[in-house]
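> Could you have a look at this structure, given as structure tokens, before my questions?
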Amino acid sequence: MFRNLETSLEQYVRLAPEHLELLKTRLHVKAMVRNEVLLKSGQVCNVIYFINQGAVKLVDEQENTINLFAQNEWMLEIKSFTSQKPSGYSLIAAAEGELFYFFVTDLHELIQTSPAFFQLAKLMEAGHENLIYQNNRLSPEEKYEKLLHEKPQYIQIFPAKTIASFLNITPETLSRVRRKLISWFE
């Protein structure tokens, strides 16, 4: 049940078996349904999620896609989580699936039991790393190629409109970029 989680954790922190078991006692399991709101704008993000199955998007109040998360990735709304102030974003399930999660209070308690848990802060960084795709200094082609290289699963999981919003380009521009890339391979 926790194999994906354990594999993911190994990328960020080396936990002794007893620490891993302690973490598992703090985990909650949640089935999610498509379009379920996991965090609503105006709420405080007090949870770190691990997507065991499924996909989630982070959107602003205008429904612009700010970040994407898929299977075997950690997610949270980092500004709200670290400040414990209301979020300006919503986390919405883009597909049905299963989440593991623990609360900020669990994280604090785990850190008090062992300094090894302090390294879990790296999970928060992982939940923030996708924002590079919003960089307007990159051309639409560069953004899409970077996504294809680093997160190809997103192309399969999320609809084109969501991908375009995530890359901060129009759906028409995304279509042109895709056509251009296809013509290179013909």
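> Probe radius 1.4 Å, ligands and nucleic acids ignored: give me the carbon and sulfur share of the accessible area of region 1-119 as a rounded percent.
50
> Go ahead and run the numbers for FRET between Gln62 and Ser139, Cβ-Cβ distance against an R0 of 22 Å, rounding to 0.05.
Efficiency, from the Cβ-Cβ distance: 0.40.
> Within the set of other residues whose C-beta is less than 13 Å from the C-beta of Phe100, count the net charge using Lys and Arg as +1 and Asp and Glu as -1.
Every neighbour counted, the sum reads 0.
> Over all distinct alpha-carbon pairs, what is the Kirkwood Rh of the chain in angstrom?
Evaluated over the chain, this radius sits at 17.4 Å.
> Also, I was wondering about something else. I'd like to compare 35-47, 168-180: which one has the highest average count of other Cβ atoms within 10 Å, and what's the full order after that?
Top to bottom by mean Cβ count within 10 Å: 35-47, 168-180.
> Per residue, how many Å² of accessible area does region 1-117 show with a 1.4 Å probe?
Dividing the accessible area of region 1-117 by its residue count gives 49 Å².
> Let me spell out the model: positive unit charges on the Cβ of Lys and Arg, negative unit charges on the Cβ of Asp and Glu, origin at the Cα centre of the chain. What dipole size does that give, in debye rounded to 20?
So the magnitude is around 360 debye.
> A follow-up question, please. Along the charge dipole of the chain, which of Leu23, Ala93, Ser8 sits closest to the positive end, that is, farthest toward it, with unit charges on the beta carbon of Lys, Arg, Asp and Glu (+1, +1, -1, -1)?
Looking along the dipole axis, the top candidate is Ala93.
> Given an 8 Å cut-off on Cα distances and at least 6 residues of separation, report the relative contact order of the chain as a percent.
24
> Within 14 Å, Cβ to Cβ, of Val44, how many net charges do the neighbouring residues add up to if Lys/Arg are +1 and Asp/Glu are -1?
After counting each charged neighbour, the total is +2.
> Here's something else I'd like to know. I need the calculated FRET efficiency for the pair Asn46 and Ser183, taking r as the beta carbon distance and R₀ as 41 Å, to the nearest 0.05.
With R0 = 41 Å, the Cβ-Cβ based efficiency is 0.30.
> Relative contact order for region 1-96: what percent, with Cα pairs under 8 Å and sequence separation of 6 or more?
Reported relative contact order: 36 percent.
The values are calculated or read from the model by the stated rules, or taken from the named source; none is laboratory data. Predicted model only: the values in this text are computed from it and were never measured. Counting neighbours? That spans all protein chains shown, and the Cβs are built from the backbone with ideal geometry, glycine included. Note: areas computed on protein heavy atoms with side chains; ligands, DNA, RNA excluded. Shrake-Rupley method; radii C 1.70, N 1.55, O 1.52, S 1.80 Å.
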